[in-house]
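Visitor: Pasting a structure here, questions to come.
The values are calculated or read from the model by the stated rules, or taken from the named source; none is laboratory data. Given the structure is predicted, the values throughout are model-derived calculations rather than measurements. Don't worry about glycine lacking a Cβ; one is built from the backbone with ideal geometry, like all the others, and counts go over all protein chains shown. Heavy atoms of the whole protein, side chains included, go into the accessibility calculation; ligands, DNA and RNA do not. Shrake-Rupley method; radii C 1.70, N 1.55, O 1.52, S 1.80 Å.
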Amino acid sequence: MKENYIKIIEFILQHEGYKSNDPDDSGGLTIWGISAKSHPIEVKEMALISKEEAKKIAINIYKKEYWDEIEGDNIPDKLDWVIMDTAVVQGTYRANVMFNLYLDNWRDALFHRIAEFILVSKKGNNIKYLRGWINRCLELWEILR
């Protein structure tokens, strides 16, 4: 596993936060970015244990279902941050498409994400998430430049 994997996960956990249950988020109850819609058994368990123990479960899910799925160890440095965060926010399919589009150009991949977020923000109540999505991209920019 790449050295920066832990730093990437820390970035993701910071942005996902501990718990949320936004009525406009179809994922339902979400703990450390893991939604009840996608992981009902795990989230139910995470809701009953300590914050730190729940974080360990989330980290294991991120490793197995995101990092391993996108083959994060094989993605060039810096681009791995963008692709992993894309996998978490937009799904592994979208992350793999973006990787194939940008190969080792993390800057263009990040700008592409911003453009996609602007488009997605025009649907439903998504406009309320736009500032957070853009700030997340800007923070990635600061880390990677």
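Visitor: Testing Glu3 on (1) of a type outside the set (S, T, N, Q); (2) in contact with a Ser or Thr (Cβ under 8 Å, 6 or more places away or on another chain); (3) at pLDDT below 95; (4) more than 21 Å from Trp133 (Cβ to Cβ), one condition comes back false. Which one is that?
Guide: (2)
Visitor: Which pairs turn up if I take residues in segment 121-144 that are in contact (Cβ under 8 Å) with a residue 12 or more places away in the chain and look for partners that are open to solvent by 80 Å² or more (accessible area, probe 1.4 Å) and among the β-branched types (Val, Ile, Thr) with beta carbon separation below 6 Å, at least 6 apart in sequence or on another chain?
Guide: Ser121/Ile127
Visitor: Among the residues of segment 48-64, write down those that are open to solvent by less than 40 Å² (accessible area, probe 1.4 Å) and more than 20 Å from Glu139 (Cβ to Cβ).
Guide: Matches in segment 48-64: Ala54, Ile57, Ile61.
Visitor: Any idea which residue in segment 29-45 is nearest to the chain's Cα centre (by Cα), counting only those that are surrounded by 19 or more Cβ atoms within 10 Å (Cβ to Cβ) and in a loop (DSSP other than H, G, I, E, B)?
Guide: Only one residue tops the list, namely Gly33.
Visitor: Considering only residues of segment 65-74 that are in a helix (DSSP H, G or I) and without any contact (Cβ under 8 Å) to a residue 40 or more places away in the chain, which is surrounded by the fewest Cβ atoms within 10 Å (Cβ to Cβ)?
Guide: Asn74
Visitor: Shifting gears a bit: Return a yes/no flag: does segment 16-26 have any residue that is touching a helix residue (DSSP H, G or I) at 6+ places or on another chain (Cβ under 8 Å), in contact (Cβ under 8 Å) with a residue 24 or more places away in the chain and surrounded by 15 or more Cβ atoms within 10 Å (Cβ to Cβ).
Guide: yes
Visitor: Here's another thing I want to ask about it. Residues Asp77, Asp85: which one is outside any helix (DSSP H, G or I), closer than 17 Å to Glu139 by Cα and in contact (Cβ under 8 Å) with a residue 40 or more places away in the chain?
Guide: Every option except Asp77 fails the conditions.
Visitor: Restricting attention to segment 76-89, and to residues there that are of a type in the set (A, V, I, L, M, F, W, C) and open to solvent by less than 30 Å² (accessible area, probe 1.4 Å), which single residue is farthest from Glu16 (Cα to Cα)?
Guide: Leu79
Visitor: Please find, among Asn105, Asn126, the residue that is touching a helix residue (DSSP H, G or I) at 6+ places or on another chain (Cβ under 8 Å), under 22 Å from Ser26 (Cβ atoms) and not hydroxyl-bearing (Ser, Thr, Tyr).
Guide: None of the other options fit; the residue is Asn126.
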